[in-house]
There are 4 protein chains.
Amino acid sequence: MTHTTKTRIVEAALSLFVRKGVIQTTTKDIAAAAGIAEGTIYRHFESKDALVEHLFVANYVPLAKTLDTIQRRSATTMRKLESIVRHLYKMFDDDPTLFTFMLITQHDAVDKVPAGTTTPVAVVRKIIKEGMKQGSVRTMDPQTATHLAVGLILQPASAQIHGELSGPLSQRANDVVTALDRLLRP
Amino acid sequence: MTHTTKTRIVEAALSLFVRKGVIQTTTKDIAAAAGIAEGTIYRHFESKDALVEHLFVANYVPLAKTLDTIQRRSATTMRKLESIVRHLYKMFDDDPTLFTFMLITQHDAVDKVPAGTTTPVAVVRKIIKEGMKQGSVRTMDPQTATHLAVGLILQPASAQIHGELSGPLSQRANDVVTALDRLLRP
Amino acid sequence: MTHTTKTRIVEAALSLFVRKGVIQTTTKDIAAAAGIAEGTIYRHFESKDALVEHLFVANYVPLAKTLDTIQRRSATTMRKLESIVRHLYKMFDDDPTLFTFMLITQHDAVDKVPAGTTTPVAVVRKIIKEGMKQGSVRTMDPQTATHLAVGLILQPASAQIHGELSGPLSQRANDVVTALDRLLRP
Amino acid sequence: MTHTTKTRIVEAALSLFVRKGVIQTTTKDIAAAAGIAEGTIYRHFESKDALVEHLFVANYVPLAKTLDTIQRRSATTMRKLESIVRHLYKMFDDDPTLFTFMLITQHDAVDKVPAGTTTPVAVVRKIIKEGMKQGSVRTMDPQTATHLAVGLILQPASAQIHGELSGPLSQRANDVVTALDRLLRP
DNA sequence: GATGAATGAGAATTCATTCAT
DNA sequence: AATGAATGAATTCTCATTCAT
């Protein structure tokens, strides 16, 4: 079946974590939302913390890999960034909950990611650094450039989550790509 | 005296909230850090929530006013934005704790701000909209433009907080202003 | 087969009960150690309590009978006690786990023994009382005498269990028999 | 006042631990017996474990010191042991609960005693060893001798606790002292 | 105003037991 | 007989809040 107990726990937890925050969500909440007994959570996850970690790592690390794969398929720096933006925004539109979860847990959960693992931010940094070498990105501090680019990409998602923007995020992709181009071109 | 009990509570709370998060900070923690008894907190604030709200509102609303005042003193769109960036980054360098607190509580606390109050984001939006009218900002969706600009401004602060950038934030102001100019100019 | 499921449960439980204590041993522990599913325990025992009771009664009552049989084979009071000491200490050396289990559950489990059943302590008491009648044991309160004798017999076992004595317990038999002789002779 | 909250917790816990066992006694039980809220326990002890440890260490270590002091006041080996037996049995009669608690937690709690601390058993061992040197105790393995003596001393207490002996334990002191004399004299 | 002991409503977690397969 | 997922009551511990002093 597609709805195993574990799946139901994961989905219930994800939705609640996003709506109420991780700490404010109790195991009782999760059990109720998943339609199971509280103790059942512990048949599938060692602890609430382990559940959070699972949710994050199981999605964050693969995302980085996917972004890296996607980026390789495009030739130019701007095409690479464009494909990343489109992929992320489509992901957001398809499953805003999952995307939001990653966005809000990002900083707390970073230390749970095995050291040395590629992150989405690292993929963006790599593209920008290569672009500078080739001359397709203007010369500036690569770390600053990366964070400015990431800011441009994530802020619309963040605004959407907090109700300050509406409609599919994919609609904003063109604007963001244009902004990235203006930000980075020599 | 400058160090009234209330001040000590506020300072202790602010520092702890930023270091450990609002929920993870207990009233016991705050009392210990402030060197007072736990019960004393309730002489000055109705509840922990009220303390959080006070901390946010007492700083967020005045900040918006200050930013508005500052922006009025400059003539052009870009000067306005530049002065805002410089003010914010100086604020960050002077009191990273306060700035960080506002950044992290921003979204949870927004509903605690009296409706209709001007916010920092609203100030940026106003500048951009006026710029568009005058032709000093290229034509695009003003809401998107605002969020892209805010993303550019805040991401370096966020990166600094999470240890991904270092050194005074003021050093980054030029880069950010340049980025804003590239993003917005016609 | 010698290793039926029930046997494996019994052996796993005994070993864990002795090592970790009855309460601290979970049914999960037992199942894991026995290499079976948790539910399977309940095919063979009504409850964890019933398992404990089985373990105790199945060994404690027969032991009392064995000790009684052994004691009958010897002629004098001291020979009787000596044969009991040697039997117990050999039992300890052969299967310290089983012996230890009986020693530690002794007091909690006593009420689980069918009323009127002969216990090992009762066997010792009988020997001493008969000895007093015949004049081979000095006159004193028989109940006190019994407990002093039992104390002499069991303390070395207890010390061994708790790591305060080492080497085969059988080696101590002579010392204990001498002590019993000094304690009891007229 | 003599009945501070902490005292009430300690007394309630002691009594329950002895009656039901440490693990079977819940913090809820303790709070109910002490007439306080469950959370209040944690104002006075870090955890249930810490409470158990406190109860043991706060009584076991001083007891050893007291026994040592008492033993010094007597001249001969047998007088020393006699005074110890009388002190212990009086203690038992005065506060059977405390004595019982120490007896039942003895082995589990030993590792909680700071290494190198004198224990009651060590006091007995010292007396016996000195006795052997002086020739007032017959030659035998001192460790075995110690445990046999301890067995003689404690078994009546143990029997009393489990309802197999009744009346003041002090009444048994003479019998036990005689038994020790028979056991140890050359 | 200040204290700090006490509260009690939950929070996460454990575990003996059940039951459909 | 055996399984193992699921249960839910019970357990330890936390913490914002109250209140007599």
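Values quoted throughout were computed directly from the atomic coordinates according to the rules given, and no laboratory measurement underlies them. Since we're looking at a predicted model, the values are computed, not measured. Note: ideal-geometry Cβ built from the backbone for every residue, glycine included; neighbour counts use all protein chains shown.
Before moving on, here are some points about what is shown:
- Of the helices (runs of 4 or more DSSP H) lying entirely inside region A:114-186, those carrying at least 1 residues that are small (Gly, Ala, Ser), more than 9 Å from chain B (Cβ to nearest Cβ) and more than 23 Å from residue B:160 (Cβ to Cβ) are A:120-134, A:173-184.
- Flag if residue B:76 is of a type in the set (S, T, N, Q), surrounded by fewer than 14 Cβ atoms within 10 Å (Cβ to Cβ), more than 17 Å from residue B:158 (Cβ to Cβ) and touching a residue at least 60 places away in the same chain (Cβ under 8 Å): yes
- Under the condition of being small (Gly, Ala, Ser) and crowded, with 17+ Cβ neighbours inside 10 Å, the residues counted in region A:34-57 number 1.
- Selected residue (criterion: nearest to the other protein chains (Cβ to nearest Cβ)) from residues of region D:7-49 that are near DNA strand E (Cβ under 8 Å from one of its atoms) and not in a helix (DSSP H, G or I): D:37
- Residue in region D:13-23 that is farther than 22 Å from residue D:161 by Cα and of a type in the set (S, T, N, Q) present: no
- Flag for residue C:105 being in contact (Cβ under 8 Å) with a residue 60 or more places away in the chain and more than 13 Å from chain D (Cβ to nearest Cβ): no
- Residue within region B:54-66 that is within 13 Å of DNA strand F (Cβ to nearest atom) and away from chain D (no Cβ under 14 Å) present: yes
- The set of residues in region D:151-186 being farther than 12 Å from residue D:93 by Cβ and aliphatic (A, V, I, L, M) consists of D:152, D:153, D:154, D:159, D:161, D:165, D:176, D:177, D:179, D:180, D:183, D:184.
- Selection count where residues are under 24 Å from the mean Cα position of the chain (by Cα) and near DNA strand F (Cβ under 6 Å from one of its atoms), scope region B:28-48: 2
- For region D:128-153, filtering for residues that are more than 17 Å from residue D:79 (Cβ to Cβ), crowded, with 22+ Cβ neighbours inside 10 Å and not hydroxyl-bearing (Ser, Thr, Tyr) leaves 4.
- The residue list D:5, D:25, D:40 contains one member that is hydroxyl-bearing (Ser, Thr, Tyr) and under 17 Å from residue D:102 (Cα atoms), which is D:25.
- The C-beta contact set for region D:108-126 (first residue touching a residue at least 12 places away in the same chain (Cβ under 8 Å), second residue part of a helix (DSSP H, G or I) and of a type in the set (Phe, Trp, Tyr), distance under 8 angstrom, 6+ apart or interchain) comprises D:109/D:56; D:109/D:60; D:112/D:56; D:113/D:56; D:113/D:60; D:119/D:60; D:120/D:60.
- If you check C:136, C:166, C:74 for being closer than 26 Å to residue D:142 by Cα and of a type in the set (Ser, Thr, Tyr), only one passes: C:166.
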